[in-house]
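For reference, the structure is listed below as structure tokens.
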């Protein structure tokens, strides 16, 4: 892809690096141990979380806590994915004070697929298209009011038959 | 070169719904080509939507997101005719951004 | 008249009458009747799938399976063929080196004409498909032809299909024995078994629509051309009619013909004709 705005990216990187450095030095804590509000505002890309193989490790890296299943989190995913390369998955929730939503696919080589920051005023509902390497649990995690909630659905992925 | 970002932002009542489709290979780095060699990872890492100078939605992505990625969300606020700024940066440091008018 | 002569006469008359009755039906069996074919074709599928609306057959496997339908609807909100369509629109209006463009090769500047293809060219005595017409346009204007299976051809046909969305297929078979022959050739190809798997097109798309071949849900043959060109999730990209015909042949482990070979053109002619009246839905998406 073309780089269309060099100045923008360079400045952004500086700010990111600067902010991260200040945060680390100023508070002397790993960033994921901070209060939810700060974590949501922090601009840092969760590189560590994207390195974790398992969903449990990815969630721990992202949020520093575990999630409890909640029927207030509605995960919409197909029974059998038309194709593992493009699986439409969406979530909505009635929980209040949502600050972050993440999607994970347990059987993917990297479990964490996407993590979204929800500033105040943004509706906690997202639709996206994800890759699934094989039949797996799809897990959505919602951070609301400082706590973590989840919903899971098993989605089957098959190899195409006539799709040569 | 034309932007890689396609946006549809529609305001209805108090909420603005946003859909974005971005042209990007989103190579995970786990797939081999016809010769058996790994196709190196090449994916958008961060995608930001800004309204009125503030982020209304930020996506942290990696290779698990589909090629030509799509996302839909909504935020409170936004009026017809207002600007919505969208920008992304990928793992190679490439960037793209565009400004769309809310319909 | 003597009794024997009378009997001979009666037998002769009866034989002639029998022949007279037999002859027309024997001719009817040999003479192609596309109108009857199309009617029977539609009836077969609407009888088989009474809950599917006629115009929905153009959505292939998505009209055969609810789970697939939902995934497709979600993706149609902002479809994966969007970029190809955009590219096609740009390409279509961009002039060739000689100053002309595709607009000069088609009626109505190429807008809203896709539903008329394939046509039968009476001068040449052959079927002309949309893809063929596009490449001939390029060659007539000093440009190199595009590959029939790759992205540029897909983009152009995607744009032309888009301008015809909703218009019913309107394939004409002129009163020309060669046109009827091309139609019959296409029909014959469709129903002939081939390849190591010994499948005909009909084996999957007439006998088993809505059922699975391994993990894929099969599309009905009715309306199967209407969504072309298609973005296939499995190709992670666009494909033309030529691409689909050639890969289909490979998949049943037959030797594919060259894109736009006479038989493929006739096949497209047949398949499009029997879907007359169904709306163009291209560019489309498929698993």
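So the values come out like this:
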{"quantity": "Residues located in the stretch C:131-175, provided they are without any contact (Cβ under 8 Å) to a residue 40 or more places away in the chain and touching a helix residue (DSSP H, G or I) at 6+ places or on another chain (Cβ under 6 Å)", "calculated": "C:134, C:137, C:145, C:146"}
{"quantity": "Filter result (within 14 Å of chain C (Cβ to nearest Cβ) and surrounded by fewer than 19 Cβ atoms within 10 Å (Cβ to Cβ)) within the stretch B:13-28", "calculated": "B:17, B:19, B:23, B:25, B:27"}
{"quantity": "Count - residues of the stretch A:55-83 that are assigned to a loop (DSSP other than H, G, I, E, B), touching a residue at least 24 places away in the same chain (Cβ under 8 Å), within 14 Å of chain C (Cβ to nearest Cβ) and in contact with a helix residue (DSSP H, G or I) (Cβ under 7 Å, 6 or more places away or on another chain)", "calculated": "2"}
{"quantity": "Counted residues, the stretch C:242-274 - those being surrounded by 18 or more Cβ atoms within 10 Å (Cβ to Cβ), touching a strand residue (DSSP E or B) at 6+ places or on another chain (Cβ under 9 Å) and part of a loop (DSSP other than H, G, I, E, B)", "calculated": "1"}
{"quantity": "The one condition in (1) modelled with pLDDT under 95; (2) under 21 Å from residue C:169 (Cβ atoms) that residue C:107 fails to fulfil", "calculated": "(1)"}
{"quantity": "Residues (over 23 Å from residue B:51 (Cβ atoms), in contact (Cβ under 8 Å) with a residue 40 or more places away in the chain and in a strand (DSSP E or B)) located in the stretch A:106-122", "calculated": "A:112"}
{"quantity": "Among the candidates A:91, A:86, A:113, A:105, residue that is at pLDDT 95 or above and within 14 Å of chain C (Cβ to nearest Cβ)", "calculated": "A:91"}
{"quantity": "Failed criterion for residue B:10 (all others in (1) more than 11 Å from chain A (Cβ to nearest Cβ); (2) assigned to a loop (DSSP other than H, G, I, E, B) hold)", "calculated": "(2)"}
{"quantity": "Number of the condition not met by residue A:154 [criteria: (1) away from chain C (no Cβ under 14 Å); (2) exposed (fewer than 15 other Cβ atoms within 10 Å of the Cβ)]", "calculated": "(1)"}
{"quantity": "Members of the stretch C:134-155 that are over 13 Å from residue C:259 (Cα atoms) and assigned to a helix (DSSP H, G or I)", "calculated": "C:134, C:136, C:137, C:138, C:139, C:140, C:151, C:152, C:154, C:155"}
{"quantity": "All strands (runs of 3 or more DSSP E) inside the stretch B:29-98 with 2 or more residues being without any contact (Cβ under 8 Å) to a residue 60 or more places away in the chain, under 26 Å from residue A:133 (Cβ atoms) and more than 7 Å from every other protein chain (Cβ to nearest Cβ)", "calculated": "B:44-51"}
{"quantity": "Verdict on residue A:125 being surrounded by fewer than 23 Cβ atoms within 10 Å (Cβ to Cβ) and free of Cβ contacts under 8 Å to residues at least 24 places away in the same chain", "calculated": "no"}
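The values are calculated or read from the model by the stated rules, or taken from the named source; none is laboratory data. What you see is a predicted model; the values in this text were computed from it and never measured. Methodologically, a virtual Cβ is constructed for each residue, glycine included, from the backbone with ideal geometry; neighbour enumeration extends over all protein chains shown.
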